[in-house]
Amino acid sequence: MAHYAVRESPPLRGEIPISTSKNAVLPIMCGALLTREDVRIEHPPDLTDVHTLRSLMEACGCRTHCEQDALILNASCLKNPQDEEDVRKMRASVLVLGPLLARLGEARIPLPGGCAIGQRPIDQHLKGMSALGARVAFDHGGVTLTGCLRGAVIYLDMPSVGATENLLMAATLAKGTTRIENAAKEPEIVDLAAFLSSMGAKIAGAGTSTITIEGVSELHGTSWQPIADRIEAGTMACACAITGGELLLRGARAEHLRSLLFKLSEAGVHIKDTPGGLMVFGRAKQPFEIRTMVYPGFPTDLQAPMMAVACKTPGTSVFLETIFENRFMHAAELARLGAHIRVENRVSVVEGTPYLTGAPVRATDLRAGAALILAGLCAEGETLVDDEAGHIDRGYCHIEDKLCAVGGNIVRL
Ligand code: EPZ
């Protein structure tokens, strides 16, 4: 948990190193359970979610250690985690389901509770696993899957990122061919598939709606550098757009952020893709309309940071959140800084204002916390961001240090 004291800042200028992607590293760590050999993950981000998943890996019998700036995992002695609390701590823990089932023929996890942004069911994960031959039994708030997996055709009712990742991992060791239709196409899926292929998996079509996997009898170890965090990069691009600065986002890849970059250009922010990363400069000057969609549409994880940008952009900006049912909680917090925002179910209308004034606010989820820090950078006086729950540390590596290095007035209390 932490609190951040943020004060009005000059336009941010300089270079921000973008960390390895949280949403790529988490499924890749779970993928390490699919082999008995060492898996080396280069430059893992220093995030609470990574540390939480690492302790869950150890509860599954996986040995872990760090070497230079790499995390080494070895799951030669694999078992189901006994303490369900380990799994309940973080939603992404559901991603151990596929590997445990594929390796052990049995997996038991507690049903994840809801979270602030939505109910977050796992019905698509379970539907796919039963299609692969698993028997699914619910009891005492948990679900147990048993069975020897064989290839199948799976149709996802919606392109769920987590379900696609879980089923992709399970299918690598299933007997025969699996086809996942209406699969998610996020860059993190492509990265996971490339990682699994480097372990000997036979996967085709990752990044499209149809992924085909030929099951193999076993996978071998590998060493992997996951992709840069496109959501951290997008958040920092928003920090530039709200303060009117000039930032080089080192390591960021434009092709993973096209929807955001188009929106920022529509708003009058300049973007330049360079070999070292993404150059972003200038302030948002025109309002914009955003509809969050599955990839390659506008990412829901950048809706809150872009709402912070809209608060100070002249004119009326509109947001339609189509992915999660309750992801506008930051609107009420931004309004405490003087923002003019109206929320109706999945639509938010933001009237840009020239002045925001600092106030104590609360981080309601990971991306909302980042949005409040961004708004504080251009609010007169001090904005105290209360992050008692530690949301921000789950997804951003030392955000205060990275912003201070480019002129941001932010202190972690
Ligand atoms: C991943 O969550 C990300 N998390 C989320 O990032 C991201 O917001 C989300 O994808 C959408 O892009 C990780 O990668 C660890 P989904 P995930 O399954 O896999 C519904 C962040 O801030 N659904 O694509 O849980 C679900 O309720 C986090 O880094 C079902 O109905 O997302 C939601 O409304 C937040 N049944 C929608 O689909 C299911 O079985 C998208 O969920 C699964 C999902």
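The values are calculated or read from the model by the stated rules, or taken from the named source; none is laboratory data. Remember, it's a predicted structure, so these values are computed and weren't measured experimentally. Every residue, glycine as well, gets a Cβ built from its backbone with ideal geometry; the counts of neighbours run over all protein chains shown. The area values use the complete protein model at the heavy-atom level, side chains included, leaving out ligands, DNA and RNA. Shrake-Rupley method; radii C 1.70, N 1.55, O 1.52, S 1.80 Å.
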**Q.** Top-ranked residue in region 290-316 [being small (Gly, Ala, Ser) and buried (at least 24 other Cβ atoms within 10 Å of the Cβ); ranked as farthest from ILE399 (Cα to Cα)]
**A.** ALA310
Q) Taking region 96-128 on its own, how many of its residues are among the acidic types (Asp, Glu) and either under 21 Å from the mean Cα position of the chain (by Cα) or at pLDDT below 90 (or both)? A) 1
Q. Within region 256-308, can you find the residues that are in a strand (DSSP E or B), more than 24 Å from THR20 (Cβ to Cβ) and over 22 Å from the mean Cα position of the chain (by Cα)?
A. HIS270, PHE281, GLU289
Q: Can you confirm whether region 232-239 contains a residue that is open to solvent by less than 60 Å² (accessible area, probe 1.4 Å), within 27 Å of ALA405 (Cβ to Cβ), touching a strand residue (DSSP E or B) at 6+ places or on another chain (Cβ under 6 Å) and away from the ligand (no atom under 14 Å from the Cβ)?
A: yes
Q.
Quick check on this structure: which one of ASP386, ASP401 is loosely packed, with under 15 Cβ neighbours inside 10 Å and either at pLDDT 95 or above or in a loop (DSSP other than H, G, I, E, B) (or both)?
A. ASP401
Q) Which one of these does VAL143 not meet: (1) within 15 Å of the ligand (Cβ to nearest atom); (2) modelled with pLDDT of 95 or more? A) (2)
(Q) Suppose we keep only residues that are touching a Lys or Arg at 6+ places or on another chain (Cβ under 8 Å) and of a type in the set (A, V, I, L, M, F, W, C) within region 234-255. Which one would you say is nearest to SER21 (Cα to Cα)? (A) ALA252
**Q.** Number of the condition not met by ALA371 [criteria: (1) at pLDDT 95 or above; (2) touching a strand residue (DSSP E or B) at 6+ places or on another chain (Cβ under 9 Å); (3) small (Gly, Ala, Ser)]
**A.** (2)
Q) Among the candidates GLU344, GLU325, which residue alone is open to solvent by 10 Å² or more (accessible area, probe 1.4 Å), away from the ligand (no atom under 16 Å from the Cβ) and either in contact with a His (Cβ under 9 Å, 6 or more places away or on another chain) or of a type in the set (D, E, K, R) (or both)? A) GLU344
Q. Among the strands (runs of 3 or more DSSP E) contained in region 26-79, which hold 1 or more residues that are open to solvent by 20 Å² or more (accessible area, probe 1.4 Å) and touching a residue at least 12 places away in the same chain (Cβ under 8 Å)?
A. 38-42, 63-67
Q. With LEU47, LEU34, LEU73 as the choices, which residue is in contact with a helix residue (DSSP H, G or I) (Cβ under 9 Å, 6 or more places away or on another chain) and within 22 Å of GLY128 (Cβ to Cβ)?
A. LEU34
**Q.** Residues (of a type in the set (A, V, I, L, M, F, W, C), under 22 Å from MET1 (Cβ atoms) and modelled with pLDDT of 95 or more) located in region 330-368
**A.** ALA332, LEU334, LEU337, ALA359, VAL361, ALA363, ALA368
Q | Candidates SER9, SER55, SER93 - the one that is modelled with pLDDT of 95 or more and at negative phi | A | SER9
Q. With LEU126, LEU132 as the choices, which residue is in contact (Cβ under 8 Å) with a residue 12 or more places away in the chain, out of contact with any Phe, Trp or Tyr (no Cβ under 6 Å at 6 or more places or on another chain) and more than 11 Å from the ligand (Cβ to nearest atom)?
A. LEU132
**Q.** Looking only at region 10-25, and only at residues there that are among the small types (Gly, Ala, Ser) and in a loop (DSSP other than H, G, I, E, B), the one that is farthest from the ligand (Cβ to nearest atom)
**A.** SER19
(Q) Please verify whether LEU192 is outside any strand (DSSP E or B), within 17 Å of GLY133 (Cα to Cα) and open to solvent by less than 10 Å² (accessible area, probe 1.4 Å), treating the condition exactly as stated. (A) no
**Q.** Segments classed as strands (runs of 3 or more DSSP E), wholly inside region 98-169, with at least 1 members that are open to solvent by less than 20 Å² (accessible area, probe 1.4 Å) and farther than 26 Å from PHE328 by Cβ
**A.** 106-110, 142-146, 153-155
(Q) Return the pair list, or none, for Cβ contacts closer than 7 Å from residues in region 1-15 that are over 17 Å from HIS398 (Cα atoms) and surrounded by fewer than 16 Cβ atoms within 10 Å (Cβ to Cβ) to residues that are modelled with pLDDT of 95 or more and of a type outside the set (Asp, Glu), at least 6 apart or on different chains. (A) PRO10/GLY407; ARG13/VAL406; ARG13/GLY407
Q) Are any residues in region 367-386 touching a residue at least 40 places away in the same chain (Cβ under 8 Å) and either of a type in the set (Phe, Trp, Tyr) or closer than 18 Å to VAL50 by Cβ (or both), and if so, which ones? A) ARG367, ALA370
Q: Look at region 318-358 and say how many of its residues are without any contact (Cβ under 8 Å) to a residue 40 or more places away in the chain and in a loop (DSSP other than H, G, I, E, B).
A: 9
Q.
Cβ-Cβ distance below 8 Å, separation of 6 or more or different chains: which pairs start in region 269-295 with a residue that is over 18 Å from ALA308 (Cβ atoms) and modelled with pLDDT of 95 or more and end on one that is open to solvent by less than 70 Å² (accessible area, probe 1.4 Å) and basic (Lys, Arg)?
A. VAL294/LYS185; TYR295/LYS185
